[in-house]
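Please read the structure below before turning to the comments.
Computed from the coordinates by the stated procedures, all read-outs in this text should not be read as laboratory data. Everything numeric in this text was worked out from a predicted model, so none of it was measured. Ideal geometry is used to build each Cβ from the backbone, glycine not excepted, and the neighbour counts take in all protein chains shown.
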Amino acid sequence: MEVESFSAIISELGVPVTVALMAGAGLWITVRWLQSLLMKRLDELEEISRNTADKMLRATQKEESDSRDILIKLIDRIRALQTDVIRLDTMFRIKHKLPVDERRISRNQKED
C-alpha cells in the first residue's frame with residue numbers, strides 16, 4: 001500500500017477507524033493462519049487414527065478367522081467323539097445282549 005493512499009484513508013476515515021480496520025485485517029490474517037495450521041494438524045491426526053483403526057481391524061479379523069478355524073476343528077472333533085461313543089455304546093449293547101438304540105444311531109447319521 002502506498003503512503004499517499006494510506007494517508008488518504010487516514011484523512012478520509014480518521015485515525016481510529018483506520019487503526020480498527022488494520023487491527024481487523026491483522027486479526028483476519030491471524031485467524032486464517034491458525035485455521036490452516038489446525039487443519040494440517042487435524043489431517044495428520046485423522047491419518048494416524050485411520051492407520052490405527054486399520055491395524056486394529058486387520059488384527060481383529062485375523063483373530064476372528066483363527067477363532068472360527070478353532071471352532072470348526074472343535075465341532076469336527078466333537079462329532080468324531082460322538083460317533084465313537086455311539087459305536088462303543090452299540091458294541092457294549094451287542095456284547096451284553098441289550099437292544100441297540102436305533103434312534104440314537106439314526107439321529108447321529110442325520111447330523112452328519
(message) Contact list please: Cβ distance under 8 Å, first residue in the stretch 32-52 and surrounded by 10 or more Cβ atoms within 10 Å (Cβ to Cβ), second residue aromatic (Phe, Trp, Tyr) and assigned to a helix (DSSP H, G or I), pairs at least six apart or on different chains.
(response) none
(message) Looking at LYS62, LYS97, LYS73, LYS55 in this structure, which one is surrounded by fewer than 10 Cβ atoms within 10 Å (Cβ to Cβ) and not β-branched (Val, Ile, Thr)?
(response) LYS97
